[in-house]
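Asks: Quick one: this structure, given as structure tokens, is what I'll be asking you about.
Every read-out reported here was derived from the displayed coordinates using simple, explicitly stated rules and does not represent laboratory data. This structure is a prediction, so every number in the text was calculated from the model and none was measured. All Cβ positions, even for glycine, are placed from backbone atoms using ideal geometry, and neighbour counts span all protein chains on display.
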Amino acid sequence: MTERIDGHTILIGLMAYPIRHSMSPTMHNNAFTKLGLNYAYLAFEVTNDTLPQAIEAIRTLDMRGSNISMPNKQKVIPLLDQLDPAAEMVGAVNTIVNDAGKLTGYCTDGTGFMQSLKDENLDITGEKMVLVGAGGAGTAIAIQAALDGVKEIALFNRQDEFWNNAQRNVEVINEKTNCQATLHALEDQADLKAEIQDSAIYCDATSAGMNPLTDLTLVTNPNWFKSDMIVFDTVYAPRTTKLMTVAQKAGVKYVLNGLGMMLEQGAEAFKLWTGEPMPVDYIRDLLFDEH
Ligand code: NAD
């Protein structure tokens, strides 16, 4: 990479805390090198306290933009000049684009989810989805799926601190899209089973399955799934979660983890900054050595 950094190199950031563990710098810098693009992507430890100065620095240093992650995804909104409509509906930003000092906020997690399905030749428009989770990932997925033409979303969540979010997501979708969203308590297992059996896709966007909850799956009975449906777990580490094992046992045809979504949310941001498609297959092979 040092060979291609010169006086013209354009900087893109990642502003979050903690952030040193992130794969994003490796992903983007390898993609820049592969395509011969003169950009560099660096991670910066930025908290809510230092966020205003960090965002101003995007303008001052004429950076092309930045990724934004926790704890800054909501706090960044008032610091920007405008929001993409989906980011506005999600209420969170993970990508900023700087056009001559004008900062626009986007949320590419939801588009990344939808694109990762398209990569597998799966089309959920006009279909019904059961979605569990109303945190950052669940909200982005729900809003984008609704905007992209999913017909119905049965949104489940525990009655925890995210319940109000779930309520809000259902209201926003019903008010602003043609999708019909309904709110369900995860505690009602009979309801969950019935809704899954009426749906084309079951998507888990909760912390279940991810470290430290690697032994947890919110569906334990393989009989709840239909073999011709999609089961999508947003978790990508581990690559095969407990939920995915249950789905495989049920003979479900399309069982996906969150790796494709992670790559595609990066690819969406990459395209917004550079105008070029990220070489996703090359990056997947390079970083994860798998398809
Ligand atoms: P978050 O903290 O914002 O939301 C957590 C969600 O999980 C909430 O809906 C909460 O109610 C639910 N939850 C937590 N513990 C639970 C439990 N024991 N049982 C049932 N529900 C529970 O987190 P987030 O950032 O939205 O991340 C959620 C998941 O999405 C994680 O597994 C993460 O790995 C995944 N994710 C994937 C990508 C990707 O690109 N593939 C991106 C972001 C997040």
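Asks: Are there any strands (runs of 3 or more DSSP E) wholly within the stretch 191-264 with 1 or more residues that are aromatic (Phe, Trp, Tyr), crowded, with 21+ Cβ neighbours inside 10 Å and within 23 Å of the chain's Cα centre (by Cα), and if so which?
Replies: Per the criteria, 201-204, 230-233.
Asks: Does Val90 qualify as being under 16 Å from the mean Cα position of the chain (by Cα), more than 25 Å from Val280 (Cβ to Cβ) and within 12 Å of the ligand (Cβ to nearest atom)?
Replies: In short, no.
Asks: Looking at Val235, Val246, Val280, which is the one that is more than 30 Å from Gly101 (Cβ to Cβ), among the β-branched types (Val, Ile, Thr), within 14 Å of the ligand (Cβ to nearest atom) and in contact with a Ser or Thr (Cβ under 8 Å, 6 or more places away or on another chain)?
Replies: The match here is Val235.
Asks: Another one. Evaluate the stretch 50-67: report whether one residue or more is more than 30 Å from Asp228 (Cα to Cα) and within 13 Å of the ligand (Cβ to nearest atom).
Replies: yes
Asks: Would you check which residues across the stretch 186-197 are free of Cβ contacts under 8 Å to residues at least 60 places away in the same chain and away from the ligand (no atom under 11 Å from the Cβ) and list them?
Replies: If the condition is that a residue be free of Cβ contacts under 8 Å to residues at least 60 places away in the same chain and away from the ligand (no atom under 11 Å from the Cβ), then Asp188, Gln189, Ala190, Asp191, Lys193, Ala194, Gln197 are the ones that fit.
Each row is one residue, and each column tells you yes or no for (1) free of Cβ contacts under 8 Å to residues at least 12 places away in the same chain; (2) of a type in the set (A, V, I, L, M); (3) over 25 Å from Glu45 (Cβ atoms).
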site: Met70; (1), (2), (3): no, yes, no
site: Leu79; (1), (2), (3): no, yes, no
site: Ala86; (1), (2), (3): no, yes, yes
site: Asn94; (1), (2), (3): no, no, no
site: Ala100; (1), (2), (3): yes, yes, yes
site: Thr108; (1), (2), (3): no, no, no
site: Gln115; (1), (2), (3): no, no, yes
site: Lys118; (1), (2), (3): yes, no, yes
site: Asn121; (1), (2), (3): yes, no, yes
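Asks: Same structure, new question: So if I check each of Ala181, Ala145, Ala137, which one is farther than 23 Å from Lys242 by Cβ, within 16 Å of the ligand (Cβ to nearest atom) and in a helix (DSSP H, G or I)?
Replies: That would be Ala145, the only listed residue that is farther than 23 Å from Lys242 by Cβ, within 16 Å of the ligand (Cβ to nearest atom) and in a helix (DSSP H, G or I).
Asks: Considering each of Gly138, Gly133, Gly149 in turn, give the residue that is within 21 Å of the chain's Cα centre (by Cα), at positive phi and touching a residue at least 40 places away in the same chain (Cβ under 8 Å).
Replies: So the residue among Gly138, Gly133, Gly149 that is within 21 Å of the chain's Cα centre (by Cα), at positive phi and touching a residue at least 40 places away in the same chain (Cβ under 8 Å) is Gly133.
Asks: Looking only at the stretch 89-120, count every residue that is charged (D, E, K, R) and buried (at least 22 other Cβ atoms within 10 Å of the Cβ) and tell me the total.
Replies: Total satisfying the criteria: 1.
Asks: To continue, here is another question. Quick one: is Asn169 free of Cβ contacts under 8 Å to residues at least 40 places away in the same chain, out of contact with any Cys (no Cβ under 8 Å at 6 or more places or on another chain) and farther than 23 Å from Thr241 by Cα?
Replies: yes
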